[in-house]
Amino acid sequence: MVAHPNGKKIAFITGANKGIGFEVARQLGRRGMAVILGTRDPQQGADAATTLRGEGIDARPVRLDVTDRHIIRAAVREVERAFGRLDVLVNNAGVALDRGLQPSEVPLDVLRRTYETNVFGPVAVIQAFLPLLKQSEAGRIVNVSSELASLAQNTNPDFEFRHIKLLAYNSSKTALNAVTIQFAHELKDTPIKVNTADPGYTATDFNNHRGTQTVEQGAQAAVRLATLPASGPSGGCFNADGPLPW
Ligand SMILES: NC(=O)c1ccc[n+]([C@@H]2O[C@H](COP(=O)([O-])OP(=O)(O)OC[C@H]3O[C@@H](n4cnc5c(N)ncnc54)[C@H](OP(=O)(O)O)[C@@H]3O)[C@@H](O)[C@H]2O)c1
């Protein structure tokens with residue numbers, strides 16, 4: 001194992017050039033982790049890493065498109081060469097492509113593209129990084145989902161966002177929640193913990209900054225799950241305040 005020169009924990013965050021992913025990277029960096037910013041656009045990755053390094057954070061960019069298995073494999077090789085292990089994986093990258101559409105209006109192609117990024121992407125990234133996560137003494141996988149994924153909330157007539165019924169987005173995040181449970185079960189006898197984080201309605205490009213929370217608040221749940229102690233939970237869904245119903 002090639003340990004980080006300073007013995008720091010190593011965290012990889014997908015979609016870390018902006019929004020919640022960038023803030024998760026910043027907060028993990030402030031906690032002393034070396035953060036690897038997975039970004040589709042290399043220039044945006046370089047700029048984001050420069051910003052964090054300017055704040056004294058150990059940050060570096062790695063190109064990552066979660067829908068491209070060759071790029072994922074190259075990213076894993078880069079992390080392996082540099083560190084030989086991974087301590088934290090935050091699957092943050094996500095898209096909502098069916099805003100404004102009723103379920104009956106969503107083209108299958110939009111449904112497929114949403115699942116490519118929000119479901120198959122995280123699965124591919126977890127599978128690819130798992131050998132490196134198994135080299136960690138305390139691996140943590142965090143899947144960034146949404147309250148809109150919750151079947152309990154989707155069927156709750158009092159749910160604040162009950163009117164938002166996005167066939168592709170909501171169901172893809174429901175599937176991502178199921179992915180959390182499957183991997184948590186497989187890894188239950190290892191030190192690796194797998195959990196779902198719900199950021200809450202957060203002002204980012206995702207919603208034209210209409211979210212009611214700051215990115216600092218939106219990053220909290222993922223950061224807490226990325227830094228869980230050995231006694232912490234696995235296979236659960238949490239927001240910043242605690243456990244949520246599936
Ligand atoms: N904001 C909210 O209110 C809210 C609420 C609940 C859940 N979430 C979830 O939080 C996560 C982050 O959202 P955000 O609000 O920070 O949105 P954002 O500012 O739009 O950021 C989304 C990030 O995902 C990246 N991404 C998209 N497709 C990708 C792909 N194929 N490969 C790699 N990266 C990809 C984007 O990269 P580019 O810049 O290259 O497009 C961007 O970095 C998402 O999973 C979202 O579903 C957000």
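The values are calculated or read from the model by the stated rules, or taken from the named source; none is laboratory data. If you're wondering where the values come from, they're calculated on a predicted model, not measured in any experiment. No Cβ is skipped: glycine too gets one built from the backbone with ideal geometry, and neighbour counts run over all protein chains shown. Heads up: the accessible areas ignore ligands, DNA and RNA and are worked out on the full protein's heavy atoms, side chains in. Shrake-Rupley method; radii C 1.70, N 1.55, O 1.52, S 1.80 Å.
Below are the figures for this structure:
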quantity	calculated
Over the chain: Rg over Rh, Cα atoms, Kirkwood Rh	0.95
Amide H within-cut-off set for Val62, under 5 Å, with H built and near neighbours excluded	Leu37, Gly38, Thr39
For Phe120, solvent-accessible area (1.4 Å; no DNA, RNA or ligand), Å²	110
FRET efficiency, 1/(1 + (r/R0)^6) with R0 25 Å, evaluated for Arg60 and Thr212 via beta carbons	0.15
In order through the range 141-158: 3J(HN,Hα) via Karplus (6.51 cos²θ - 1.76 cosθ + 1.60), integer Hz, x for Gly, Pro	10, 10, 9, 7, 10, 7, 5, 5, 7, 5, 5, 4, 6, 4, 9, 8, x, 9
Relative contact order (%) - criterion: Cα under 8 Å, at least six apart; region: the range 60-137	45
Rounded accessible area of His209 (nearest 10 Å², 1.4 Å probe)	110
Antiparallel bridge percentage (DSSP; both residues within the chain; nearest 5)	5
Most mobile of Thr202, Thr180, Thr155 in a GNM of the chain (Cα contacts under 10 Å)	Thr155
Ranked packing of 24-33, 75-84, most packed first, by mean Cβ within 10 Å	24-33, 75-84
Simple label model, 7 Å out from Cα along Cβ direction - Arg77 to Thr155, nm	4.7
Within straight-line cross-link reach of Lys134, lysines at Cα separation under 21 Å, skipping those fewer than 8 residues along the same chain	Lys8, Lys9, Lys188, Lys193
Per-residue ³J(HN,Hα) for the range 58-64, Karplus 6.51 cos²θ - 1.76 cosθ + 1.60, θ = phi - 60°, Hz, x for Gly and Pro	7, 10, 9, x, 9, 5, 8
